[in-house]
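The values are calculated or read from the model by the stated rules, or taken from the named source; none is laboratory data. What you see is a predicted model, and the numbers here were worked out from it, not measured in a lab. Here Cβ is always computed from backbone atoms with ideal geometry, including for glycine, and neighbour counts include all displayed protein chains.
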């Protein structure tokens with residue numbers, strides 16, 4: 001081999017090595033630290049699931065414990081393609097500067113994932129409730145907006161007075177895709193099973209710029225509403241994109257393939273507006289859940 005060919009070959013090899021070892025293209029930040037759920041156990045799993053896609057590098061911003069000084073809690077949201085909130089109900093309010101930073105980040109086109117009990121947080125923060133569209137607990141009621149139902153093939157806003165947020169005993173349930181054309185749900189089965197989990201119902205809020213991607217029927221014999229309740233949603237806030245999943249109560253539920261895949265796809269969509277991930281072979285159908293140990 002001539003010297004020139006050897007140099008060219010070496011250059012190609014170097015490019016291949018660089019491509020193979022390059023950092024994932026997207027940066028994600030998980031925010032946790034206070035929650036009425038199992039954030040210390042679920043954050044590592046959420047981080048792992050994002051990293052397993054090969055699309056994300058993931059950092060974690062953990063707030064001070066409840067009741068301690070929050071003034072220094074100021075994550076640099078703008079440095080990330082997507083922020084995943086695992087900061088739930090019962091948590092202390094964030095500093096005004098931190099709240100404004102998230103608002104500005106989303107207005108400018110940021111990505112946000114609301115995971116399960118993150119929709120319990122910040123009942124008094126108007127802009128946050130617009131980001132999540134619907135939430136529960138924290139004193140929410142009709143003053144905060146309607147219940148969101150799926151009736152006769154469309155979203156219905158129900159202003160019946162009553163509290164926001166409830167669930168019955170954990171049980172397996174089916175999710176029904178209502179927007180099969182959306183990048184997050186495109187290619188998924190029309191109906192698929194999720195492992196035993198809390199089926200949130202009676203969520204309510206501003207419900208503006210909301211798209212319901214999938215629902216689940218909330219049976220009355222399990223302390224439900226007899227309604228088809230939103231489970232997977234997207235929301236537009238400013239130029240930003242929000243993916244809101246109510247699935248995933250605890251580490252056990254994060255093993256459900258229905259959760260894993262919709263979370264991974266939702267995070268990519270929130271970050272980029274697109275989904276390139278293929279539907280895996282172990283994705284469940286309508287009859288039984290699929291679980292990864």
For segment 140-160, give me each residue that is without any contact (Cβ under 8 Å) to a residue 24 or more places away in the chain and closer than 15 Å to residue 204 by Cβ. 143, 156, 158, 159, 160
Could you list, in sequence order, all residues of segment 128-139 that are surrounded by fewer than 24 Cβ atoms within 10 Å (Cβ to Cβ) and free of Cβ contacts under 8 Å to residues at least 60 places away in the same chain? 137, 138, 139
State whether one or more residues within segment 45-64 are at pLDDT below 95 and surrounded by 13 or more Cβ atoms within 10 Å (Cβ to Cβ). no
If you go through segment 186-210 one residue at a time, how many are surrounded by 17 or more Cβ atoms within 10 Å (Cβ to Cβ) and closer than 25 Å to residue 146 by Cα? 12
Counting only residues that are outside any helix (DSSP H, G or I) and within 19 Å of residue 260 (Cα to Cα), segment 88-119 contains a total of 5
List every residue pair whose Cβ atoms sit under 8 Å apart, with the two residues 6 or more apart in sequence or on different chains, where the first one lies in segment 80-101 and is without any contact (Cβ under 8 Å) to a residue 12 or more places away in the chain and the second, anywhere, is assigned to a loop (DSSP other than H, G, I, E, B). none
Could you grab me the full set of residues in segment 91-119 that are in contact with a strand residue (DSSP E or B) (Cβ under 6 Å, 6 or more places away or on another chain), crowded, with 22+ Cβ neighbours inside 10 Å and closer than 18 Å to residue 239 by Cβ? 106, 110, 111, 112, 113, 114
Would you mind telling me which numbered condition in (1) modelled with pLDDT of 95 or more; (2) surrounded by fewer than 20 Cβ atoms within 10 Å (Cβ to Cβ); (3) in a loop (DSSP other than H, G, I, E, B) residue 122 fails? (2)
